[in-house]
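Reviewing the structure listed below.
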Amino acid sequence: MKTEVRLPMADARDVVFAEVLESDPKWRPEDARRATTEAKQLAGDHADDPAKLLPLRARLVMARMDAAQPPKFPGTFWPTMALGLAALLFGAFSDQLTAEYARINLLAPPFLALLLWNLAIYVSLVAKLLLKPFRRSHADDPREEGMLALLCTRLRRVLPGAKPRERAFFDRWSRVTSPLVGIALSRAFHLAAAMFALGWVLSVALRGIGTAYVVGWESTWLAQRPDVVASILELTYPFAAANLDAAGATALNFASSMGSPADAAPWLLQIIITVLAVIWLPRGLLGLIAQLRLRNPVVTLPLRSDYTRSILEADRPFSLLLPAEADKLWREAAEALPGCRVLDADLWGDQEPQSAPSPAALVLNAAATPEDDVHGRHAESLPKPRTVVLDASELSRRFDADKIASRLALWETFAAQHHARLKVFDPDPIENPVEARIRLLEELRSPVK
């Protein structure tokens, strides 16, 4: 069975909203079963395909609950564009990262730190890509981590005026779309970085028309190490410093010479090229890739959640193991329940217990004393998760309260030793005994425990 399904955004939104609707007390189990049955009939040959069945059933649920459309929240495109414009303007007024009025410092710490920061981001992205095959998948239990968890928590807090249904939808929706939120955040950050670099370049280039820049460097720690300065300049500005040696670096020191505007032109061009090559171009490409990934977004939904399992595994065959001494009403209930078959369990025979496919349950009389070589042998033969139905309908007629408590304690110990789920059946005397057993069998057949 698949552990996840990839759905278009609209279909995934319908499925998540249907899950919220079905948490309403007005939505009954029989309503859920009817919706599942009708959806499978409408899906036809695609009834076994979660990508077809789940959205179709979700729309049936919304129609029954008179909910036309799931809530929609503001998109991220225009806020991203606004952030990019703000970064462009900020970059246009940040040309002093390298220049102090008309003097350009080639060793300006803010400028070098900006380059190193972007290079570190590229290294982290490459490392994340290389380590992706080795990370464990949590498709069945998606979790928000880090910044996404903080962001979604903050967003939930800003919805105090939303209706409970909308808050519940956003809570589930933010969890399943956290990968898309991460892509949207990446797009916003990459676009902002690219626009900042573009604004800075345009500002420096335009100011170069009417400003006589001079180029050099100044440093306290490297003042006596022009050879080290030359190496740094060659690495940061490879074209302009192609033939730079220690003597040339010494000549560029502001302490020895202020240079001339004519000498600044190659360095200014190199700075522009460096910013475009290291920041603007890579960040722009990364932002474009993120935008392409968001053009036709696909949401991954887990199929191992209780909700999806209750849909995909509904009406599956159920086996009921009945000993000869079991109440005959159990057989009547099993025969009245579609998809339920009865298997005889010979508790006291010498033959090995017959195996049954999952799901299955074994009915035992609570009035009996649990024996490992009899009851335990048959309990061990059950498919996992093992379920033992303890029929306690005779206890109140045969034992007093203390004896009943003691006997039930023995059965609880028995179930724990054999790693079985114990379901005590003690019906209301005024309730129809067959209907009470049918309801229990429907619960046991459900994959949701």
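The values are calculated or read from the model by the stated rules, or taken from the named source; none is laboratory data. Keep in mind that what you see is a predicted model, and the values were worked out from it rather than measured. Note: ideal-geometry Cβ built from the backbone for every residue, glycine included; neighbour counts use all protein chains shown. We work out accessible area using only protein heavy atoms, side chains counted, and drop any ligands, DNA or RNA first. Shrake-Rupley method; radii C 1.70, N 1.55, O 1.52, S 1.80 Å.
Listing for the model above:
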quantity	calculated
Relative contact order of the range 162-304, defined on C-alpha pairs under 8 angstrom at six or more residues apart (%)	41 percent
Nearest-10 value in Å² for the accessible area of LYS403, using the 1.4 Å probe	90 Å²
Helix 164-176 vs. the chain, principal-axis angle (Cα, 0 to 90°, nearest 10)	70 degrees
Residues with amide H under 5 Å from that of THR387, placed H, sequence gap 5 or more	LEU362, ARG421
Ordering of 80-91, 350-361 by burial proxy (mean other Cβ atoms within 10 Å per residue, highest first)	80-91, 350-361
Crossing angle, helix 109-131 versus the chain [Cα axis fit, 0-90 degrees, rounded to tens]	30 degrees
Percent carbon-and-sulfur accessible area, the chain, ignoring ligands, DNA and RNA, probe 1.4 Å	60 percent
Inter-probe distance in nm under a simple model that places probes 7 Å from Cα toward Cβ, at LEU116 and ILE430	8.0 nm
Degrees, to the nearest 10: 146-157 long Cα axis against longest axis of the chain	70 degrees
With DNA, RNA and ligands ignored, accessible area of LYS132 (1.4 Å probe; Å², nearest 10)	130 Å²
Residue among TRP27, LEU320, GLN354 farthest towards the positive dipole end of the chain, charges placed on Cβ	TRP27
Rg/Rg_globular for the range 267-331, with Rg_globular taken as 2.2 N^0.38 Å and Rg from C-alpha atoms	2.85
Alpha-carbon centroids, the range 383-414 and the range 7-23: separation in whole Å	41 Å
Spatially proximal lysines relative to LYS163 (Cα-Cα < 21 Å; intrachain offsets below 8 disregarded)	LYS26, LYS72
Nearby aspartates and glutamates by direct alpha-carbon distance to LYS128 (threshold 16 angstrom, same-chain neighbours under 8 apart not counted)	GLU145
Rounded to the nearest 10 Å², the accessible area of HIS375 at probe 1.4 Å	10 Å²
Cross-link reach list, lysines versus LYS423, counting only Cα pairs under 26 Å and skipping chain neighbours closer than eight places	LYS328, LYS384, LYS403, LYS449
Zero-based 10 Å bins, Cα pair distances in the range 322-423, whole percents	14, 48, 33, 5
Angstrom value of the Kirkwood radius, inverse mean 1/r, which spans all Cα pairs in the chain	28.4 Å
